[in-house]
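A.B. asks: Can you keep this structure in mind? I'll have questions shortly.
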Amino acid sequence: MEFRTINGRRVPIKGGGKSGAVVAADVLALGLAGGTGGLTLGGGYSLVSEVGAGAQNAVQGVGSGSGSGGSAQLKARKSEGQKSACKGDSEAAWQRLDVKQLKRTARQQAECVAVSFGQIRDFFTRTRCTSLDRALFLVGDGAGNTAVLSVAWVGLASARDADKFESVMKIHGSGDIRPLGSAMLGLADIRFTGENYGSDRDGKTVTVAETELVSGHLDRDTLDAIAEVSAYLPRI
């Protein structure tokens with residue numbers, strides 16, 4: 001068994017029936033008790049480097065999929081998902097985020113005022129939209145964790161109008177285009193908060209996507225990523 005001396009006490013680094021993460025947690029406790037932090041050994045040697053990523057999670061309280069490494073991975077997966085979405089491959093886009101489509105419904109119309117509210121409705125009373133396509137998806141990871149996803153493709157008369165609309169839409173609390181009712185997917189009523197949101201503008205079309213958790217657990221970053229990827233899907 002290997003030991004290191006922390007604040008005058010010999011602490012096991014390997015073996016003893018404990019994982020590296022638990023050992024690191026013990027060392028942290030000793031360091032705090034000694035008032036010195038106890039995380040850096042002589043010569044700037046880091047205990048986290050010795051016991052590995054599991055210990056780093058224990059010291060920092062980082063869960064799986066979180067932290068700088070998890071964020072970088074999610075960012076890369078989101079980027080790849082957006083590329084697939086741009087090609088019209090929604091299945092591949094969502095697979096990048098470990099979810100797949102379970103249900104879908106859609107509706108087309110050419111009027112936006114009646115299905116919007118707040119500053120968004122005010123915008124449409126002054127600036128007419130030329131088309132509106134809305135879709136509602138239920139996506140899940142196959143383990144009981146599901147989310148409802150609303151996507152709206154809004155056509156404007158000019159790229160300038162589209163830019164103005166997206167600027168208003170990005171302001172949280174400015175209103176919204178009402179998503180299709182979740183009852184159309186056989187779900188209980190879901191209120192979209194706008195917290196998990198993505199948008200994209202392509203010429204005169206603005207795509208707006210929002211997600212909300214339905215069942216189980218999908219963390220905020222994943223819900224955001226699903227919306228940001230789905231905003232790149234072409235009009236249905």
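The values are calculated or read from the model by the stated rules, or taken from the named source; none is laboratory data. All values reported here derive from a predicted model rather than from experimental measurement. All Cβ positions, even for glycine, are placed from backbone atoms using ideal geometry, and neighbour counts span all protein chains on display. The protein model used for the area step is the full one, side chains on, heavy atoms only, and it has no ligands, DNA or RNA in it. Shrake-Rupley method; radii C 1.70, N 1.55, O 1.52, S 1.80 Å.
A.B. asks: Just grab the label-to-label distance for Asp98 and Arg128, each label 7 Å out from Cα along the Cβ direction, in nm (one decimal).
C.D. replies: Distance between the two pseudo-spin positions: 4.8 nm.
A.B. asks: What's the carbon and sulfur percent of region 122-180's accessible surface, probe 1.4 angstrom, rounded to a whole number?
C.D. replies: So the carbon and sulfur contribution to the accessible surface is 46 percent.
A.B. asks: Would you mind counting up the charge near Gly142? Only other residues with Cβ under 10 Å from its Cβ, with Lys and Arg at +1 and Asp and Glu at -1.
C.D. replies: Taking every other residue near Gly142 into account, the sum is -1.
A.B. asks: Now for a separate question. Pop a pseudo-label 7 angstrom from the Cα along the beta-carbon direction at both Lys170 and Gln119 and give the gap in nm to one decimal.
C.D. replies: Here the answer is 1.3 nm between the modelled labels.
A.B. asks: Under a point spin-label approximation (7 Å from Cα along Cα-to-Cβ), what is the Lys83-Asp221 distance to one decimal in nm?
C.D. replies: 2.1 nm
A.B. asks: Net charge near Arg104, counting Lys/Arg +1 and Asp/Glu -1 over other residues with Cβ under 14 Å of its Cβ?
C.D. replies: +2
A.B. asks: Net charge near Leu185, counting Lys/Arg +1 and Asp/Glu -1 over other residues with Cβ under 14 Å of its Cβ?
C.D. replies: Value of the local net charge: +2.
A.B. asks: Specify whether the C-alpha gyration tensor of region 180-224 places it in the rounded, prolate or oblate class, a ≥ b ≥ c being the square roots of the eigenvalues: rounded for a/c under 1.5, otherwise prolate if a/b is larger than b/c and oblate if not.
C.D. replies: Numbers: a/c = 3.06, a/b = 1.45, b/c = 2.11.
Because a/c hits 1.5 or more and a/b fails to exceed b/c, region 180-224 counts as oblate.
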